[in-house]
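Each value in this text was obtained by applying a stated rule to the coordinates, not by laboratory testing. In this text, all values refer to a predicted model and were calculated from it rather than measured experimentally. Positions of Cβ are generated from backbone atoms using ideal geometry, with glycine treated the same way; all protein chains shown enter the neighbour counts.
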Amino acid sequence: MTIENQSDAMKLANDIQMAMITKPALTMLEVFLPSYVTDEINTHIDNVRDNAKSFSHELVGQIKSNEKSAQLDMDFKHKPVLGLKRLLEGFALSYLNYQGIVEAKIDCCSMWSVHSYEGDYNPLHDHGVRTDMGMSCILYLKVPPQIEKLPGSAEDFVKGGLKLNLNGASGSTDGFTFFSWGINGSADIKRLKPVQESFVKPEVGKLLMFPNWLKHAVSPFYGDGERRTLSANFEIETKQAPILADTKVLAQTPTKESNEITGAPV
Ligand SMILES: [Fe+2]
């Protein structure tokens, strides 16, 4: 093999196959529900809110700053709640299918709404269920405008990643959900260890589904408005074990142009 000039290098590059392989650490399902679905759920919650049972004795949320602050049980005997239970169980099955599990008994065993106001927050926690395998979800139903205008939407993410700047008391994660699945810190990231945390911006209709062991927290927000979410837990029984597949993306061998961009040696 002789590489004497750029043309030799380019020819060799064309004959080499490269792939970037990512090992999974966590898989989340993101769903966007249409507004007519979230409208129906919100209307139902508004109708039953005054008479719904508190669920706060089962939850760690510090939802207490306003007289309207509440964590309420959602009763499956109501038709819209039963419909949502079935929809969410379908999403859970899709999630499991992607993990290689095709046969599973999935039961959405609890569902509750969280009505947060200025100063309310949720400390870092996970969710317990009675089965070994379990899942949980968060559906954002109402988002105050001061949170809505912050960067970090799913659309921003597609446009080029999410770069949150917490410096300068920016308030850029006020009302955001924080997820953590490891202990890597900023020094580890500089050593090519992967990030193990993320902040998620609440967006009406966005639903996140994840394994129930995943730690999460909610930052407080300031100003008027209600931040409303719905959460649910799922108990799962299956004889199958999940196969967490690698992600493999074909990569290009370095060309002169890409080396110039990255400054890598030819
Ligand atoms: Fe939670």
When the stretch 1-10 is checked residue by residue, the ones that are loosely packed, with under 11 Cβ neighbours inside 10 Å and not aliphatic (A, V, I, L, M) are Thr2, Glu4, Asn5, Ser7
Residues located in the stretch 172-199, provided they are crowded, with 16+ Cβ neighbours inside 10 Å and assigned to a loop (DSSP other than H, G, I, E, B):
Ser172, Thr173, Asp174, Gly175, Phe176, Trp181, Asn184, Gln196
Scan the stretch 132-163 for residues that are surrounded by 15 or more Cβ atoms within 10 Å (Cβ to Cβ) and either part of a loop (DSSP other than H, G, I, E, B) or of a type in the set (Ser, Thr, Tyr) (or both) and jot them down.
Ser136, Tyr140, Val143, Pro144, Leu150, Gly152, Ser153, Leu162
Enumeration of residues in the stretch 46-77 that are among the polar types (S, T, N, Q) and either in contact (Cβ under 8 Å) with a residue 24 or more places away in the chain or surrounded by fewer than 14 Cβ atoms within 10 Å (Cβ to Cβ) (or both)
Asn47, Asn51, Ser54, Gln62, Ser65, Asn66, Ser69, Gln71
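Test Leu29 against the stated conditions and say whether it is touching a Cys at 6+ places or on another chain (Cβ under 9 Å), at negative phi and among the hydrophobic types (A, V, I, L, M, F, W, C).
Numbers: touching a Cys at 6+ places or on another chain (Cβ under 9 Å): yes; at negative phi: yes; among the hydrophobic types (A, V, I, L, M, F, W, C): yes.
Taking the combined requirement at face value, the residue satisfies it.
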Name the residues in the stretch 106-122 that are within 16 Å of the ligand (Cβ to nearest atom) and in a strand (DSSP E or B), would you?
Cys108, Cys109, Ser110, Met111, Trp112, Ser113, Val114, His115, Ser116, Tyr121, Asn122
